[in-house]
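The values are calculated or read from the model by the stated rules, or taken from the named source; none is laboratory data. Here the structure is a predicted model, which means the values were calculated and not measured. Positions of Cβ are generated from backbone atoms using ideal geometry, with glycine treated the same way; all protein chains shown enter the neighbour counts. Note: areas computed on protein heavy atoms with side chains; ligands, DNA, RNA excluded. Shrake-Rupley method; radii C 1.70, N 1.55, O 1.52, S 1.80 Å.
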Amino acid sequence: MSALLPAEFADLEPFAAKWCLPTEPERYGTRLASTTEQMQVFYDAITPRLEDVLAYLEKLPYDALPDDATNLLCLLYSMIQASFPVEIWRQPKVPDTGATSFDCFVEPVP
Amino acid sequence: MPRFPKPPEGSWTEHYPELGTGPVSYEDSISPEYFEREKEAIFKRAWLNVGRVEQLPRVGSYFTKDIKAAHASIVVARDKAGEVRAFHNMCRHRGNKLVWTEDPKNESQGVCRQFTCKYHGWRYDLDGSLTFIQQEGEFFDVDRSQWGLAPVHCEVWAGFIFVNFSREPSQSLREFLGPMVTDLEGYPFERMTARFGYSTTVGANWKLFMDAFAEFYHAPVLHGNQSPEKYSKAAVQAGFEAPHYQIERPHRLVSTSGVRFWEMDADMIKPMEAMTRGGLFGPWDKAELGEMPKGLNPAKCDPWGLDSFQLFPNFVILIWSQGWYLTYHYWPTSHNTHVFEGNVYFLPATNVRDRISQEMSAVTFKEFALQDANTLEATQMMLETRYVDRFLLGDQEILCRHLHAEVRDWIDTYEGASR
Ligand code: FES
Ligand SMILES: [Fe+2]
């Protein structure tokens, strides 16, 4: 299978298939379907690499990112999603919100 | 001892004496009959925001909008002259819904050259005029110019598209908005096209959710678990006070003071906020928007956090000091349900660092809104038991008091006039 991410970030490749998701509903849905422990592993792997990722992406034209760079950016969006349960709640959904949902129907691309 | 000076009367609420300071009832939020009265007196009479001009980027762009509270379904389009127009989304032949895709119960959007009815093929120009009747010769003395789409009053202010369902609106849109709102002209809404839109159906009366965003008294408590414990504790300890409230009927405004997260100790903020330089208050690195209009932060609060302009009846424009803004719409669907739509607008990012600050800010907004929405269902449920119907409001909840009073006043005025 070909890599989703640039070669420099082969260490993040194990998370790519699950978390390189282009839309918020996909990322949020994956968060709700994951355990805090799974997200902790992802968080622990990606946060120390954040500065390298940003430095890499900054060298590319922002309005014409190649596919593997766009995947990398989506991985950062997923990192943000995963940070909420990992850093504070220790559960996938914000506490005390029962069946409430708030569906994202439009977002900037990329 | 208040952190911010209050008006000479001693409180914000007493500064507007017609509001009173006594307990209130929420019968207006649990009664199907009251909702019927709101429809007639308010949603069929006030100017209602249905979107922004950026949603109609070119000639022929359109979107449809179902507004249950006005018992209306409209199509909004940009005509060949570039004007934004609104029509009842109904064919003049036998009343079929004119513009829809797949399911007529769903809203739709797109671009077209003209509107063609799916039933017998009558066609309408983008300005609503009837241009084609299938087998016209079979009809009797038809003057096509008399059978265009039924127009809806539609006016644009600062790129916000408003409609009005009364036969003849008693005020122009500008008059309705008044200076407190129109003094926002010049804010670069049109440049802030990076949009995150969210929507949900809430099991609560529309006014109760407006109340939840009309006061920040709840924020340190309800949203306590959104922040590290040390910050939450400090926030509850401090409580919430707004430096400025303003009511210019029928609209209202609250300004808040700012928080400089980027100057705080690491144990007061979430690691991801520091990593992305973004959070509830928006990107830490302020977007440069140029000179701000005089209507923004009218009391010149410093530090200043945000202005929440609450436009009657169901529309909020919330502008953050960090150079981004939100809109809220509350579309009632019954006395105890409504569709809530929240939109987050930024300047389009030009680099990845700005983009992830925006992402963090938008995601944080959603997490807070989820908590606000869920609490509302808990409130509605209990109010409907009707065992208690007198409730207290503090001075920081003055805008909740005003919304319910304003609604009551519109109903009284309308029903008084038609009696
Ligand atoms: S109802 Fe539209 S053409 Fe007949
Ligand atoms: Fe809230």
Worksheet item: Can B:Ala46 be described as of a type in the set (Gly, Ala, Ser) and touching a strand residue (DSSP E or B) at 6+ places or on another chain (Cβ under 6 Å)?
Response: no
Fill in: Total residues in region B:153-179, condition open to solvent by 40 Å² or more (accessible area, probe 1.4 Å) and polar (S, T, N, Q)
3
Worksheet item: Is it true that B:Ala204 is in a loop (DSSP other than H, G, I, E, B) and more than 16 Å from ligand 1 (Cβ to nearest atom)?
Response: yes
Worksheet item: Is there a residue being closer than 29 Å to B:Ser31 by Cα and touching a residue at least 24 places away in the same chain (Cβ under 8 Å) anywhere in region B:224-231?
Response: no
Worksheet item: Would you pick out the residues in region A:63-76 that are surrounded by 24 or more Cβ atoms within 10 Å (Cβ to Cβ) and over 17 Å from A:Asp11 (Cβ atoms)?
Response: none
Practice prompt. Could you please find all residues in region A:82-101 being facing chain B (nearest Cβ under 7 Å) and over 22 Å from B:Glu341 (Cα atoms)?
Written response: A:Ser83, A:Phe84, A:Glu87, A:Ile88, A:Trp89
Discussion item. If I ask for residues that are closer than 25 Å to B:His338 by Cα and within 16 Å of ligand 1 (Cβ to nearest atom), which ones from region B:66-97 would you list?
Written reply: B:Ser73, B:Val75, B:Phe87, B:His88, B:Asn89, B:Met90, B:Lys97
Worksheet item: Which ones in region B:102-133 are under 32 Å from the mean Cα position of the chain (by Cα), part of a loop (DSSP other than H, G, I, E, B), surrounded by 12 or more Cβ atoms within 10 Å (Cβ to Cβ) and not hydrophobic (A, V, I, L, M, F, W, C)?
Response: B:Pro104, B:Glu107, B:Ser108, B:Gln114, B:Asp125, B:Asp127, B:Gly128, B:Ser129
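Matching residues to (1) away from ligand 2 (no atom under 16 Å from the Cβ); (2) of a type in the set (D, E, K, R); (3) not assigned by TED's automatic domain parsing to the domain that holds B:Pro250:
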residue	(1), (2), (3)
B:Val316	no, no, no
B:Gln322	yes, no, no
B:Leu326	no, no, no
B:Val339	yes, no, no
B:Gln358	yes, no, no
B:Asn374	no, no, no
B:Glu377	no, yes, no
B:Met381	yes, no, no
B:Ile398	yes, no, no
Discussion item. Looking for something at the interface with another protein chain (Cβ under 8 Å from one of its Cβ atoms) and either touching a Ser or Thr at 6+ places or on another chain (Cβ under 8 Å) or surrounded by fewer than 15 Cβ atoms within 10 Å (Cβ to Cβ) (or both) - is there at least one such residue anywhere in region A:48-61?
Written reply: yes
Discussion item. Give all pairs with beta carbons closer than 7 Å in which a residue from region A:81-108 that is at positive phi meets a residue that is open to solvent by 30 Å² or more (accessible area, probe 1.4 Å); count only pairs at least 6 apart in sequence or on separate chains.
Written reply: A:Asp96/B:Asn374; A:Gly98/B:Asn374
Discussion item. Among the residues of region B:293-309, are any under 20 Å from A:Glu24 (Cβ atoms) and either open to solvent by 10 Å² or more (accessible area, probe 1.4 Å) or within 14 Å of another protein chain (Cβ to nearest Cβ) (or both)?
Written reply: no
Response to the item:
Expected output for region B:356-377 (first residue more than 7 Å from chain A (Cβ to nearest Cβ), partner more than 9 Å from ligand 2 (Cβ to nearest atom) and in a helix (DSSP H, G or I), Cβ below 8 Å, 6+ apart or cross-chain) is B:Ser357/B:Thr276; B:Thr364/B:Gln226; B:Phe368/B:Gln226; B:Asp372/B:Phe209; B:Leu376/B:Leu208; B:Leu376/B:Phe209
Practice prompt. Run B:Trp157 past the list (1) farther than 16 Å from B:Ala46 by Cα; (2) in contact with a helix residue (DSSP H, G or I) (Cβ under 7 Å, 6 or more places away or on another chain) and report the number of the one that doesn't hold.
Written response: (1)
Fill in: Verdict on B:Arg85 being in a strand (DSSP E or B), open to solvent by 50 Å² or more (accessible area, probe 1.4 Å) and in contact (Cβ under 8 Å) with a residue 40 or more places away in the chain
yes
Worksheet item: Identify, please: which residue in region B:240-264 is assigned to a loop (DSSP other than H, G, I, E, B) and of a type in the set (Lys, Arg) and is, among those, farthest from B:Leu399 (Cα to Cα)?
Response: B:Arg260
Worksheet, complete the sentence: In the set B:Tyr198, B:Tyr119, B:Tyr187, the lone residue that is more than 30 Å from A:Cys104 (Cβ to Cβ) and not charged (D, E, K, R) is B:Tyr119
Worksheet item: Quick one: B:Leu403 ticks every box in (1) assigned to a helix (DSSP H, G or I); (2) in contact with a helix residue (DSSP H, G or I) (Cβ under 6 Å, 6 or more places away or on another chain); (3) over 16 Å from B:Ile30 (Cβ atoms) bar one, so which box is it?
Response: (3)
Response to the item:
All-but-one check, A:Leu12 against (1) in contact with a Leu (Cβ under 9 Å, 6 or more places away or on another chain); (2) open to solvent by 50 Å² or more (accessible area, probe 1.4 Å), failing number (2)
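A quick yes/no check of all residues on (1) within 16 Å of ligand 1 (Cβ to nearest atom); (2) surrounded by 22 or more Cβ atoms within 10 Å (Cβ to Cβ); (3) more than 9 Å from chain A (Cβ to nearest Cβ):
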{"position": "B:Phe196", "(1), (2), (3)": "no, yes, no"}
{"position": "B:Met210", "(1), (2), (3)": "no, yes, yes"}
{"position": "B:Asn225", "(1), (2), (3)": "no, no, no"}
{"position": "B:Tyr231", "(1), (2), (3)": "no, no, yes"}
Worksheet item: Listed residues B:Val316, B:Val259, B:Val254; which is open to solvent by less than 10 Å² (accessible area, probe 1.4 Å), in contact (Cβ under 8 Å) with a residue 12 or more places away in the chain and farther than 19 Å from B:Gly159 by Cα?
Response: B:Val254
Discussion item. Among the numbered criteria (1) within 30 Å of B:Glu40 (Cβ to Cβ); (2) surrounded by fewer than 21 Cβ atoms within 10 Å (Cβ to Cβ); (3) within 14 Å of chain A (Cβ to nearest Cβ), which one does B:His338 miss?
Written reply: (2)
Discussion item. Suppose we keep only residues that are assigned to a loop (DSSP other than H, G, I, E, B) and closer than 28 Å to B:Phe189 by Cα within region B:134-165. Which one would you say is nearest to ligand 1 (Cβ to nearest atom)?
Written reply: B:Phe165
